[in-house]
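Q: My questions will all concern the structure given below.
The values are calculated or read from the model by the stated rules, or taken from the named source; none is laboratory data. Since we're looking at a predicted model, the values are computed, not measured. Cβ sites come from the backbone with ideal geometry, for glycine too, and all protein chains shown count toward neighbours.
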Amino acid sequence: MRNFILSILSTATLTIHAQEATQLQAITVNPGLNKQGSASSIDADQLRTQMPNTLRDGVGNMPNVEFVGGPRNQAQSPQIRGLSADRILILEDGVRQNFHSGHNGRTFGDFSLLEDVEVVKGPWSSLYGSGAMGGAISFRRATAADMIRRSNQDRGVQVALDGASANDLFGQRITGFGKAGSFEPLISVRQSDSHDIRLGDGRKLDYSSSQTFDVYSALTYRVSQSQNFTLKLNRFEDRADTTLDPEMEVGPLNRAGQSQIIKQDAVGEYNLAGERWDFHAKPFHRQTQVKKQRLSDGRVDTQIVGTTGIDLWNNWRAKFENFETVVTFGSEYFEDRTDGRRNAQELASFPDGKGGQLGIYLQPTLSFGQASERGRLTLTPGLRYDAYEIKPETGRSNEAKNLSAKASADFEYRPRRHVFLGWGQAFNAPRMQDLYISGMHFPGNFFVANPDLKPERADTFEAGSKNDFTVGDNDVLTLNGTYFRTEARDFIARSVNFAGGTTQFQNMDRVRLEGFELSTLYQRGSWGAGLSYGQTRSLDKESGEPLTDTAADQWTGTFQLYPAENFSVGTALRVARKQDHVPTGTSQTPGYFTEDFFANYKTGRWDYRVRLDNAFDRDYRSHTSAIKSTGRDVRATVSYLF
């Protein structure tokens, strides 16, 4: 995965993970030397503990990170600091997932072989261009090198079985990997079947069963110690009984249907390292197709987005006695092609066309002094130029140029103790669907195209502190805190005129989002405990009221024990407060809490993992989700390495 540039302006998010099954560890600030943003990361050990079937399973407990859309996998979309999925960049193996469509999720794929996940909060258009206004979520699947390192053997075959009680899921995966001279191949195949999901109120969610099939391969060729190339190929297919809008239950305006999601990827990664520099090239192609058939009359809607592009960047390093610098310079180009069909005709709600974006960016990181002496100051300015054009099959195009800047400062006043502040700009280009959508929205109401939409823009300020304290001989106490404030303009929102019978995407005037994240972690020998809190407040500055879909305040806590080597048990608690910061006339969402329990044991070539999610079978619904959440769910995985 293309790494994020870990600028010192790191969001103080607490992520707790097992480090080689011996202790908990907090995320620390790394004055990044690669193409990264300030990130909180989750490694392979913790991901296996969480046994993710969806991306929400992996990162859903981070403060100010929420997943909306309900329990169906096909509907889940992330929200970061109150900004929706349309304003969040999703990177799979470093490549953009640019499929956007109303009534569909953003995260399609199999997540059982994840190697690591990074979540960046705040604006990162200075590095990534359009789409990263609210942040970015980047995840990477394992390569042969990862499996070799983890298993401590040059070749092997891993067979895994997994299941879950809430939807009667049963899955199987077989993964082969090895090393033959300069070649390191990996191939993995997984199949799963699940039935309708049991909700917290005890009933089944109709039309929520699915069958998935995933084939993934990664081939690395090591030309030398300083040069390598990896080719990753993936085909994922999900066939499901669902509703046309998977975020809603079946009803008169939401008919039952069947869906087929096919995602196909080809990603190349070339790396060349010198004494003071390292060069990276990432060509890619990704195509996502969503097909839905309405059961009542057999009508078939097909939506296809294909993204082709290349990302090139270079890091140059220099180090002197009391000064160190890393300069990142790069360029990115990608092109999206969209195609929508209703049976054999054009699908008005998903117009045909293409869009392209060219970006050039520069980010130096400058560090002065030593934390062990008078302190270490790190300055990170950044600048990116973008030009984009979105053009439908017929009609005039929408195009613009943009310059995004950032500036951050971090002062490490003692080793592992930081204060930081910074400012960043972001922009988000309108989507093809926002600009040129037409056709019926619902009976009596019709979409009206708006090709004059302007890109969304935002300025974000954040400040905070990250600190690790040594208690006694080996205990560690971590205390982190971040305050953020985003001033956004030209927000793109759907405006429904019930009296006039029209719906159109329009630019809103001004929006404010502000809040904070707090976290603490205590580690002592064979146990660790952590607690975090996230809060976001939103304001439509024109109406003076909050936005509709801002997530509720949330506490998360984790406690984990390691009674023996390769054996751990723990619990995770989530408490969401009542969401009463809503516009007039919008329903409030009651608060709730859930608790999960988990245990992991590894002996020889066997690996056993079990979780009890929503252990007390709470009947609850996340804010902005129309469907209640999954009830008590027993999940288990067993694997054997030959």
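Q: Just for the stretch 317-376: of the residues that are out of contact with any strand residue (DSSP E or B) (no Cβ under 7 Å at 6 or more places or on another chain) and not charged (D, E, K, R), which one is nearest to Pro415 (Cα to Cα)?
A: Looking at residues that are out of contact with any strand residue (DSSP E or B) (no Cβ under 7 Å at 6 or more places or on another chain) and not charged (D, E, K, R), I get Ser372.
Q: Next up: For the stretch 540-562, give me each residue that is surrounded by fewer than 19 Cβ atoms within 10 Å (Cβ to Cβ) and more than 26 Å from Leu477 (Cα to Cα).
A: Correct list: Asp540, Lys541, Glu542, Ser543, Gly544, Glu545, Thr548, Asp549.
Q: I would also like to ask the following. Can you tell me which residues in the stretch 116-167 are in a helix (DSSP H, G or I) and charged (D, E, K, R)?
A: Answer for the stretch 116-167, where residues must be in a helix (DSSP H, G or I) and charged (D, E, K, R): Asp146, Arg149, Arg150.
Let's see how each residue does on (1) surrounded by 17 or more Cβ atoms within 10 Å (Cβ to Cβ); (2) assigned to a loop (DSSP other than H, G, I, E, B); (3) among the aromatic types (Phe, Trp, Tyr):
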position: Thr394; (1), (2), (3): no, yes, no
position: Ala405; (1), (2), (3): no, no, no
position: Tyr413; (1), (2), (3): no, no, yes
position: Phe427; (1), (2), (3): yes, no, yes
position: His441; (1), (2), (3): yes, no, no
position: Ala449; (1), (2), (3): yes, yes, no
position: Phe461; (1), (2), (3): no, no, yes
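Q: Further question on the same structure: Quick one: which residue in Ser495, Ser465 is surrounded by 15 or more Cβ atoms within 10 Å (Cβ to Cβ) and of a type in the set (S, T, N, Q)? Working first, answer last.
A: On the way: Ser495 fails: surrounded by 15 or more Cβ atoms within 10 Å (Cβ to Cβ).
Of Ser495, Ser465, the one residue that is surrounded by 15 or more Cβ atoms within 10 Å (Cβ to Cβ) and of a type in the set (S, T, N, Q) is Ser465.
Q: Please determine, by comparing only the residues of the stretch 617-636 that are assigned to a loop (DSSP other than H, G, I, E, B) and polar (S, T, N, Q), which one is surrounded by the most Cβ atoms within 10 Å (Cβ to Cβ). Steps first, please.
A: Restricting attention to the stretch 617-636, the residues satisfying the condition of being assigned to a loop (DSSP other than H, G, I, E, B) are 617-629, 631-632.
Okay, now just the ones that are also polar (S, T, N, Q), so 622, 624-625, 629.
Numbers: Ser622: 24, Thr624: 22, Ser625: 21, Ser629: 20.
Result: Ser622.
Q: Can you report the number of residues in the stretch 211-251 which are farther than 30 Å from Thr630 by Cβ and outside any strand (DSSP E or B)?
A: Taking the stretch 211-251 and keeping what is farther than 30 Å from Thr630 by Cβ, we get 217-233.
Add one more test, that the residue is outside any strand (DSSP E or B), and what stays is 225-226.
Residues flagged as farther than 30 Å from Thr630 by Cβ and outside any strand (DSSP E or B) within the stretch 211-251 amount to 2.
Q: Output the residue which, of all residues in the stretch 511-527 that are more than 22 Å from the chain's Cα centre (by Cα) and at pLDDT 90 or above, is farthest from Lys541 (Cα to Cα). I'd like the intermediate steps shown before the answer.
A: Step one: filter the stretch 511-527 for residues more than 22 Å from the chain's Cα centre (by Cα), giving 511-512, 520-527.
Now drop any that are not at pLDDT 90 or above, which leaves 511-512, 520-523, 527.
Working: Val511: 6, Arg512: 7, Thr520: 34, Leu521: 37, Tyr522: 40, Gln523: 43, Trp527: 47 Å.
The qualifying residue farthest from Lys541 (Cα to Cα) is Trp527.
Q: If you don't mind, another one. Can you tell me which residue is surrounded by the most Cβ atoms within 10 Å (Cβ to Cβ) among those in the stretch 345-377 that are touching a helix residue (DSSP H, G or I) at 6+ places or on another chain (Cβ under 7 Å) and assigned to a loop (DSSP other than H, G, I, E, B)? So that I can check it myself, show each step before the final result.
A: Just the residues of the stretch 345-377 that are touching a helix residue (DSSP H, G or I) at 6+ places or on another chain (Cβ under 7 Å), to begin with: 350-351, 353, 355, 361, 363.
Keeping just the survivors that are assigned to a loop (DSSP other than H, G, I, E, B) gives 350-351.
On the way: Phe350: 25, Pro351: 22.
By that ranking, first place goes to Phe350.
Q: Among residues belonging to the stretch 280-320 that are touching a Ser or Thr at 6+ places or on another chain (Cβ under 6 Å) and closer than 21 Å to Phe108 by Cα, point out the one that is surrounded by the fewest Cβ atoms within 10 Å (Cβ to Cβ).
A: His285
Q: Let me ask another. Is it fair to say Ala348 is over 26 Å from Ala458 (Cβ atoms) and hydrophobic (A, V, I, L, M, F, W, C)? Before you say what the answer is, go through the steps one by one.
A: Details: over 26 Å from Ala458 (Cβ atoms): yes; hydrophobic (A, V, I, L, M, F, W, C): yes.
Yes.
Q: Further question on the same structure: Kindly evaluate Glu487 against the criterion of being surrounded by fewer than 20 Cβ atoms within 10 Å (Cβ to Cβ), of a type outside the set (Gly, Ala, Ser) and over 30 Å from Gln46 (Cβ atoms).
A: Details: surrounded by fewer than 20 Cβ atoms within 10 Å (Cβ to Cβ): yes; of a type outside the set (Gly, Ala, Ser): yes; over 30 Å from Gln46 (Cβ atoms): yes.
When the stated conditions are applied, Glu487 passes them.
Q: Let me ask another. Take the residues in the stretch 246-277 that are free of Cβ contacts under 8 Å to residues at least 60 places away in the same chain and of a type in the set (D, E, K, R), then tell me which one is surrounded by the most Cβ atoms within 10 Å (Cβ to Cβ). Spell out how you get there, then give the answer.
A: So in the stretch 246-277, the residues free of Cβ contacts under 8 Å to residues at least 60 places away in the same chain come out as 250-252, 254-258, 260, 262, 264, 266, 268, 270-277.
From what is left, the residues that are of a type in the set (D, E, K, R) are 255, 275-276.
Values: Arg255: 17, Glu275: 7, Arg276: 11.
Taking the candidates together, the pick is Arg255.
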